[in-house]
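Everything below concerns the one structure shown next.
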Amino acid sequence: MALTTAEQPSVRANRASGIPAKRRGSRRGRRSEAVAGYVFLSPWLLGLMAVTAVPMLLSLYISFTDYDILSPLSEVEWVGLDNYERMFTADPSYWRSVTVTVSFALIAVPLKLAVALGVALLLNRAWRGVGLFRGLFYLPSLIGGSVALAIVWVNMFNREGAFNGFLGLFGIEGKPWVNDPSWALETLMVLAIWQFGAPMVIFLAGLKQVPTELYEAASVDGAGRFRQFRSVTLPMLSPVIFFNLVLETINGFQGFTAAFVLSNGTGGPVDSTLMYTLNLYIKGFTDYEMGYASAMAWVFLLAIGIITAVFFTTGRFWVHYSDGDDS
Amino acid sequence: MHPGIRTHRRRLLRGLTAAAIAVPLVLGAAACGDDEGGGSSDPNAPVRLSVFYWGSEARAKLTEDALNAYKANHPNVEFEVTWQANQGYADKLATLAAGGDVPDLFALDDNMLADFATRNVTADLTEYKGSKLDVSKFPPSLVEYGQVDGKLVGISAGENTQGLVYNKTLLAKNGLPEPTTGQTWEQHIDWAAQVATKTKVPGTQDPSADYKAFWVWIRQQGKDLYSGKQLGFTEADLAAWFTLWKGARDKGATPTPDVIHEGNVTDISKQLVVTGKAATSWVWANQMPELKKNTKDELGVVAYPGDPSGQWARSSMYWSVARSSDKKDTAVDVINFLVNDQQAVNILGTDRGLPSNMDLRTAFANTVTDANMKLSIQVENDLAAKFGKAPQVPPKGHSTFRSELVKAAENVQFGKATPEKAAADLIAVVQPKLG
């Protein structure tokens, strides 16, 4: 994973800068290369068609119907844009879940990236045993979106949980974090932030790519630690930051497992953890409104597409791809 | 030609011919599969019957024993049993239905019955009634409670009714009186406040999010949860219910909102009465023995407050047959065995509720030795004389009502909405979903 990300920027850079790479062959050679590429891709492409594209198109169709998943598909009725209209005009729970999801992503994603970068900077040194720490910090991400982890979290953060026991040592009276609507979502955010391992590893790989000459030159010019970080590290790291930002934002929006486990699949207490995907699941499988749920899924896809597009457009102004990277 | 190749070729040809004949037959059969009783005419032909239900480890053991007892007399029947926890059961069944893969025989309760029946997942068993399926010994309300739109779609697997389970040991230790059947709601709340003051344990779980408690209360107001495909109560009724429990919270009779929430979402083994976070929990009377397994304290059970005629003999669970099943005869025969055979009834006990067959229920009750099971049977039998008329089976959309009630009640408990606002919001969301 780290390898692909590290290389991506340089490939993009070549294309963007318009410098003809030496390896680029003649036009004919390139075409036959492309054909070979597609041939090698074909098993994957066929799989994509069968297990992703067809169901997706089917769900697009379903989103214009009143399909309830129990009746046969042949009995559904076409309802046009009703599902979409209801979403935007007549379903308070929809907007509730949008609010929950956006606030989750807005807070958890930047904090997670900041923590990941901070830890990556600490671990990007030639200390003895630093490899062990890298492994330890990455560990929570390995058990990623697992149900077991969410259950542990719930038990740590309820009224009798370990966290309140810890606070008790300092004479602080804790709260019933997961069962309190003012804190349940925040508890989920902490869980997401704690799993900063994956972006951290990518940051580490990015940091290793920053040429040490730049730091040497900067320190010769009298730049301090902070100045070096701001003027060398951050710009050189910006493609990696960009990659992590896009990926984590998408992940953040799609958060489901922890919210499902914490709320027993209800989004409670009082809709405080009603993430978009959880709401979609409830609509489809508890309320038997698969048509509506499908419509929600398509709006979600569009929204994430737009957000990603915005990132890519604005990225032009702050993502710095270094030129002349021959590696 | 090598003999081996010849036979191989012949087999291939024969296979192709068979397929050419069989395919249209299968398609034809599938096309009219809905109307057929199904099953082969030979009663001894091997049958594989898929069975799906929810429950605990203990229930799985009992059910397996009962199905094995059936197999002892019907060695040709093989069961493919799948079971899981209650949470997610309806989702799973819906997914199976979407894939056209509904198990032959499966369990439902009144929260799901209408949803699945009106969408034709369940088979209409009316034609079996009286012949292969005997419901003549059932209380009439239990039979009616399995009918949706005039079709018999569920056979009651047991009877239960609402039961207020309280911690006897805690009350005795503090010299407090026990709750009684027939106490008013106000008396119960005052009693609970008294318990809280004396024991520091909240006297009762706040049941304002609990549809079955609201159901009893609204029936005592002369109304019902549903009237046909409409809600049977008004915004003011629901607001009054929320206000009643707001008063209880103000008196300190109930736990804090986060603990109430815990009780609302947890399963039976962690109800507040067994975790020690409240002295009383609102459950079904037949769940008492199960609750007892999770606590050392002695438990007692009475009816919900108010006039017990608000309660009724409820079918706790149903056995249903898939409309798409081609083994309906066998499935019905198994159901008939589970509810009408003394051996099966004795094995299953009160796990799914009191046995539906009254004769067998009496015979079974005489054999019971477990004190808690005895008590829950006795309480239900005592109540039987005071029961009111059973309500209609909840319509499609009932599951939405249940989840919205939890949401509305918790909004009030956490102080995020007034009783009136929460009630109005609920009705606006639920009413359009019924039908």
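List of remarks:
- Exactly one residue out of B:ALA172, B:ALA107 is in a strand (DSSP E or B) and away from chain A (no Cβ under 14 Å), and it is B:ALA107.
- Residue count for the range A:123-137, restricted to those that are part of a helix (DSSP H, G or I) and loosely packed, with under 13 Cβ neighbours inside 10 Å: 4.
- Residue match in the range A:238-247 (condition: over 16 Å from A:HIS320 (Cα atoms), at pLDDT 90 or above and more than 14 Å from chain B (Cβ to nearest Cβ)): yes
- Failed item, numbered, when B:ASP351 is tested on (1) at pLDDT 90 or above; (2) not in a helix (DSSP H, G or I): (1)
- Contacts under 7 angstrom Cβ, first residue in the range B:248-266 being facing chain A (nearest Cβ under 9 Å) and closer than 18 Å to A:ILE151 by Cα, partner in a helix (DSSP H, G or I) and small (Gly, Ala, Ser), 6 or more apart: B:ASN264/B:ALA209
- Unique match (being surrounded by fewer than 21 Cβ atoms within 10 Å (Cβ to Cβ) and on the phi > 0 side of the Ramachandran plot) among A:GLY171, A:GLY161, A:GLY165: A:GLY171
- Selected residue [away from chain A (no Cβ under 13 Å) and modelled with pLDDT under 90] from B:ALA371, B:ALA365: B:ALA371
- Residue within the range A:163-174 that is modelled with pLDDT under 90 and touching a Lys or Arg at 6+ places or on another chain (Cβ under 8 Å) present: yes
- When we screen B:LYS421, B:LYS396 for residues that are crowded, with 18+ Cβ neighbours inside 10 Å and not acidic (Asp, Glu), the only hit is B:LYS396.
- Boolean, B:ALA409 is assigned to a helix (DSSP H, G or I), in contact with a Leu (Cβ under 6 Å, 6 or more places away or on another chain) and either touching a residue at least 24 places away in the same chain (Cβ under 8 Å) or over 21 Å from B:ALA60 (Cβ atoms) (or both): no
- Residue, nearest to the other protein chains (Cβ to nearest Cβ), within the range A:134-179, restricted to residues that are touching a residue at least 60 places away in the same chain (Cβ under 8 Å) and aromatic (Phe, Trp, Tyr): A:TRP153
- Test result for A:VAL119, within 21 Å of the chain's Cα centre (by Cα), crowded, with 18+ Cβ neighbours inside 10 Å and either part of a helix (DSSP H, G or I) or on the phi > 0 side of the Ramachandran plot (or both): yes
- Scanning the range A:55-73 for residues that are outside any helix (DSSP H, G or I) and away from chain B (no Cβ under 12 Å) returns A:SER63, A:PHE64, A:THR65.
- Residues that are under 30 Å from B:TYR318 (Cβ atoms) and of a type in the set (Phe, Trp, Tyr) do occur in the range B:161-171.
- Applying the criterion of being at pLDDT below 90 and assigned to a loop (DSSP other than H, G, I, E, B) to the residues of the range B:87-102, the residue that is farthest from the other protein chains (Cβ to nearest Cβ) is B:GLY99.
- Candidates B:LYS270, B:LYS277: the one that is basic (Lys, Arg), within 23 Å of B:TRP185 (Cβ to Cβ) and within 14 Å of another protein chain (Cβ to nearest Cβ) is B:LYS277.
- Candidates B:ASP382, B:ASP359 - the one that is more than 14 Å from chain A (Cβ to nearest Cβ) and within 27 Å of B:ASN73 (Cβ to Cβ): B:ASP359
- Residues (among the hydrophobic types (A, V, I, L, M, F, W, C), touching a Phe, Trp or Tyr at 6+ places or on another chain (Cβ under 9 Å) and closer than 24 Å to B:VAL302 by Cα) located in the range B:145-183: B:ALA157, B:LEU164, B:VAL165, B:LEU176
- Extreme residue, farthest from the other protein chains (Cβ to nearest Cβ), among residues of the range B:387-435 that are farther than 14 Å from B:LEU231 by Cβ and among the hydroxyl-bearing types (Ser, Thr, Tyr): B:THR418
- Near pairs, Cβ below 7 angstrom, 6+ apart or cross-chain, from the range A:259-272 (closer than 16 Å to B:PHE414 by Cβ) to any residue that is part of a loop (DSSP other than H, G, I, E, B) and basic (Lys, Arg): A:VAL270/B:LYS416
- With respect to the conditions (1) polar (S, T, N, Q); (2) closer than 23 Å to B:ASN294 by Cα; (3) in contact with a Lys or Arg (Cβ under 9 Å, 6 or more places away or on another chain), B:ASN167 falls short on a single one, namely (3).
- Only helices (runs of 4 or more DSSP H) whose full extent lies in the range A:206-261 are considered here, and the ones with at least 2 residues that are among the hydroxyl-bearing types (Ser, Thr, Tyr) are A:212-220, A:234-253.
- Taken as a whole, the range A:262-277 holds at least one residue that is closer than 17 Å to B:GLN87 by Cα, at pLDDT below 95, out of contact with any strand residue (DSSP E or B) (no Cβ under 6 Å at 6 or more places or on another chain) and not in a loop (DSSP other than H, G, I, E, B).
- Inspection of the range B:165-180 finds no residue satisfying the criterion of being among the small types (Gly, Ala, Ser) and crowded, with 23+ Cβ neighbours inside 10 Å.
So that you can scan it fast, the table gives a plain yes or no per residue for (1) out of contact with any helix residue (DSSP H, G or I) (no Cβ under 6 Å at 6 or more places or on another chain); (2) outside any loop (DSSP other than H, G, I, E, B); (3) of a type in the set (Phe, Trp, Tyr); (4) more than 29 Å from B:SER281 (Cα to Cα):
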site: B:ASN120; (1), (2), (3), (4): yes, no, no, yes
site: B:SER131; (1), (2), (3), (4): yes, no, no, yes
site: B:SER136; (1), (2), (3), (4): yes, no, no, yes
site: B:LEU142; (1), (2), (3), (4): yes, yes, no, no
site: B:SER156; (1), (2), (3), (4): no, yes, no, no
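The values are calculated or read from the model by the stated rules, or taken from the named source; none is laboratory data. It should be emphasised that the depicted structure is a prediction, and the values quoted were computed from it without experimental measurement. Cβ: placed from backbone, ideal geometry, glycine included. Neighbour counts: every protein chain shown.
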